[in-house]
Every structure is written in structure tokens, then in C-alpha cells.
Amino acid sequence: MTAPVRAPAAEPRPAERLDPALLKTSFVLVLGPILALLDTTIVTVGLDSIARDLGGPLGTLQWVSAGYLLAISMVMPLAGWASDRFGARTMWMLSIALFTAGSALCGLAWSAGSLILFRVLQGIGGGLIQPIGQSIAVRAAGPARLGRVFGITILPLTFAPVLGPVLGGLIVERSDWRWMFLVNVPLGLLTLVLAARYVPSDAGRGTADGRLDVLGLALLSPGLAALVYGFSEVGDDGFGATRVMAPLAAGAALVLAYVTHALRRRGTALIDLRLFARRGFAVATANSFLQGAALYGSMLLLPLYYQQVKHASALEAGLLLAPQALGTAVATFFASRLTDRLAPRPIIVTGIVLTLAGTVAFTQLGSSPAGWILVLSLMVRGAGLGVVMAPGMATIYASVERHEVARAAGAVNTVNRVGGSLGTAILVVVLQRSLDGQAPAAAYGHTFWWALVLSALTLVPAFFYPTRKENR
């Protein structure tokens with residue numbers, strides 16, 4: 001009796017080439033996040049100048065930033081439905097147009113109230129740019145090229161924290177604060193022209209029967225906005241204050257009510273919670289939540305440390321963050337190519353370990369480590385972040401069907417945004433309490449221990465990523 005003959009193991013398929021059309025589409029899709037992400041950081045530098053010119057109190061003008069972030073939080077859940085209903089290309093171009101129009105109006109604002117209103121309009125456009133752009137990129141790339149395409153489109157996430165303060169500082173020092181907004185107008189118009197030519201018209205066709213989940217929208221959007229607002233107020237009042245706990249409690253109640261509603265409404269919920277029943281999507285989204293907490297929180301600490309302890313200007317603080325952006329850019333370039341060939345778990349775990357190694361030196365700020373050690377640590381930390389991003393995003397979209405891509409994009413970007421708000425709130429509270437009883441450098445070092453813990457927590461979902469590359 002002869003033994004059965006086993007078929008030879010299938011060899012990994014060669015990676016599909018990134019053709020010129022896909023590269024052009026990816027380049028155009030990069031311009032949108034550059035607009036939205038730069039604007040998130042660039043404006044904070046000029047708040048003092050805006051307050052002096054418009055005559056509003058600084059407390060009121062904090063809503064120039066807060067109103068923008070709350071608008072983003074409220075519209076992100078709409079990204080999936082809007083793409084399915086009207087088409088991803090149409091909605092992406094509309095979001096760019098809204099953002100550009102809002103930028104122009106902000107530059108023409110005549111009072112604090114008008115500026116805040118126009119910033120909300122900007123945020124409505126800005127909140128749709130990232131998730132809809134991701135869904136277009138996923139459809140255009142296909143499963144075999146996801147990693148490399150994300151390697152291209154993720155780069156704005158790495159440079160925005162650096163370029164924002166640098167550009168904001170240059171504009172405030174050498175020109176009028178209104179140019180912080182007006183600078184978006186020519187770039188927005190250029191993006192629209194290029195999108196009309198290079199973003200494929202079939203990148204997410206609209207569906208005539210796509211009814212809006214009105215109840216879901218009424219529960220989820222204000223719930224998320226309340227959570228983000230509550231977390232943003234923690235720095236001023238602490239977690240125990242009524243003005244913090246009231247919106248957090250209301251937000252949590254609304255989100256829980258949405259969960260109950262979405263589980264009963266099959267197939268047409270604003271964000272389809274059944275996606276989280278899939279291991280790949282659930283694991284990668286949990287990792288995105290924790291990564292958002294660790295990344296956004298740390299990116300608040302780093303420039304504050306250089307400004308408050310080292311007495312750097314906003315411009316200098318932005319430049320001091322350049323080593324991290326450089327490390328991220330280089331690592332993303334190589335990791336995105338590995339993503340299309342290897343299983344995600346070893347890549348992501350390696351990236352998290354690098355991130356932890358690059359954060360350790362900042363826990364010792366009280367001992368005044370040498371400048372070159374911090375520079376090297378920032379490069380290592382940036383490399384870790386770059387290694388994690390592309391395979392994490394690729395895993396999310398590899399776990400969903402083509403028709404589910406748009407709603408998956410809305411879900412993961414929403415979760416990441418809430419994670420960022422939570423992480424920032426935690427680190428702000430820790431920093432403020434540490435500053436009460438320690439020297440500034442030691443207080444920042446103590447707070448970075450918490451940042452290290454947040455980064456370490458990302459290892460938990462990381463070990464549940466697949467260990468084999470699935471060819472689809």
C-alpha cells in the first residue's frame with residue numbers, strides 16, 4: 001500500500017507591481033490627510049495671536065481647536081454610509097471642498113464666534129477625508145498590494161506632528177495668523193483638480209437603497225463627541241470634576257445605547273458591529289485603539305517637554321521631533337514591503353518592541369540624559385511606529401469583503417480617534433499631578449513611564465494577530 005502523495009507546499013506568490021495609475025491615485029489620496037492633519041497641529045501655535053487680533057478671551061478661543069476636533073468625531077461614523085450611498089470618490093472630493101471652503105472662511109473670520117463656526121465646517125470636511133480616502137486606497141490596491149499602498153498613504157501621519165508646529169511657528173513669526181488657514185486653499189484646490197483626473201470614478205459606487213441609520217447617528221455621533229469633549233477637559237479639572245464626568249457619562253450611555261441598537265439592526269447600522277466578530281478585524285482595531293492612545297498622548301508630551309523644560313520655541317520643538325518622523329518614514333518604507341509577503345504578527349511585535357525601546361530614555365528625563373541619546377531614541381521610537389502601521393491597517397482591510405471596506409474604514413478611524421483622546425487625557429492628568437510635587441524634568445520622566453505602559457499594552461492584541469500570511 002503506497003502512502004498518499006502530498007502536494008508540494010504552495011510558494012508565496014510574487015508581489016503584484018504598483019502600476020503608475022495606482023501610484024498616481026495614492027499620491028492624490030496622500031494630499032487630503034496632509035491638509036487635515038497639518039491643520040490639527042498648526043493652529044495651536046497661533047492661538048495667542050488670534051486672541052490678540054480678534055479680542056476674544058483665550059478660554060473662548062480654545063474652541064477654535066476643540067470645535068474642529070468635535071466636528072471630526074461626529075462625522076467620522078458617517079463616512080461608511082456616505083461612501084456607500086453617494087460613492088467614495090464623490091464624497092472624498094466633497095470633503096476636500098468643504099475643508100478648503102472652511103479654510104478660506106477661517107482666513108476671513110471677523111470675530112471669535114465666526115472663526116469657531118468656520119472651524120466646525122472645516123472639521124466636517126476633515127473628518128471624512130481620512131476614512132473615505134482609506135477605503136478608496138483599499139479598493140484600488142486589492143489584497144496583494146495593501147501593505148505597500150498603506151506605506152505611501154500613512155506617511156502624512158508621521159510628518160504632520162513635525163510640520164504643523166514648524167509651519168505654524170513660521171507663519172506667526174513672519175506673517176499674519178490668517179495664513180495658517182489660507183495656506184490650505186491652494187493645496188485644497190490642487191487636490192480637487194488632481195482627484196478629478198486620477199482618482200478612479202468606480203472607487204466605491206453609490207447604492208441607491210442606502211438608507212441612513214438616523215437613530216444610530218443620533219446616538220453615536222453625539223456620544224463620541226461627548227466622550228472626546230470630556231477627555232479634552234480632563235487636563236483642566238481632573239477626572240472627578242462634574243464638567244468632565246457629565247459628558248463622559250452621557251457619552252458612554254449614548255455609545256452603549258448605540259451598541260444595543262446596532263446589534264438589533266442587521267446590515268444597515270451606521271457602523272456594523274458584526275465586523276468585530278472577525279478575529280483579524282477585532283484584533284487590529286483593538287490594536288489601533290491602543291496605538292492611538294499611546295501615539296497621540298506621547299505626541300502631546302514631546303513638544304511640551306522641549307518647550308517647557310528646554311525652553312524651545314514652537315518652531316524649534318517641531319524640528320526636534322524630526323528624528324522620530326525620519327525613523328517612521330524609513331521604517332514604513334521597508335515594513336510596507338514585508339507586509340505584502342509575511343504574516344503580520346512578527347512584524348507588529350517587532351515594531352512595538354522598537355517603540356518601547358525608543359521610549360525608555362524619556363522615562364529618565366529627571367537624570368538629564370545626553371541630547372544624542374534622546375535623538376537616537378526618537379529615531380528608534382519612530383521606526384517602531386512605522387513598522388506597526390502598515391501591517392496593522394492591512395490586516396483590518398484584509399479581514400473584510402470589498403463591499404464592507406467603506407464602513408470598516410469609518411469604524412477603525414473612529415476607534416483610533418477615541419483611543420487618542422483617552423490616551424491624551426490620561427497623560428495630561430499624570431503630568432499635571434507630577435508637576436505639583438516634582439521638578440519639571442522629573443515630572444515628564446514620570447509621565448513617560450505611563451506612556452511606556454500604554455505602548456506595552458499594545459502587545460496584548462498584537463499576539464493575537466495571524467501567524468501565517470493568507471493569500472486572497
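Laboratory data are not the source of any read-out in this text; all were calculated from the coordinates shown. All of these numbers come straight from a predicted model, not from anything done at the bench. Quick reminder, even Gly has a Cβ in these numbers, built from the backbone with ideal geometry, and neighbours come from all protein chains shown.
Observations
- Only alpha carbons enter this Debye calculation for region 340-400, each as an equal point scatterer, and the log10 of I(q)/I(0) it gives at q = 0.12, 0.13, 0.17, 0.23 Å⁻¹ is -0.37, -0.41, -0.60, -0.84.
- Cα-Cα pairs of region 213-269 separated by more than 13 Å (percent): 57 percent
- Straightening the chain between Ala277 and Ala252 buys 6.9 nm, computed as 0.36 nm per residue apart minus the Cα-Cα spacing.
- Taken over the C-alpha atoms, region 395-472 has Rg and Dmax values of 18.1, 56 angstrom.
- In region 19-201, the inverse of the mean reciprocal separation of distinct Cα atoms equals 16.6 Å; this is its Kirkwood hydrodynamic radius.
- Per-selection Kirkwood Rh - the chain (Cα, Å, 1 d.p.): 22.8 Å
- Cβ crowding within 10 Å averaged over residues, with 375-386, 358-369 ranked highest first: 375-386, 358-369
- Stokes-Einstein translational diffusion, region 272-472 - Kirkwood Rh over all Cα pairs, 0.890 mPa s, 25 °C, in µm²/s: 141 µm²/s
- Taking 0.36 nm per residue of separation and subtracting the Cα-Cα distance, full extension of the segment from Val453 to Leu319 would add 45.6 nm.
- Highest-first arrangement of 447-455, 123-131, 429-437, 184-192, where packing means the average Cβ count within 10 Å: 123-131, 447-455, 184-192, 429-437
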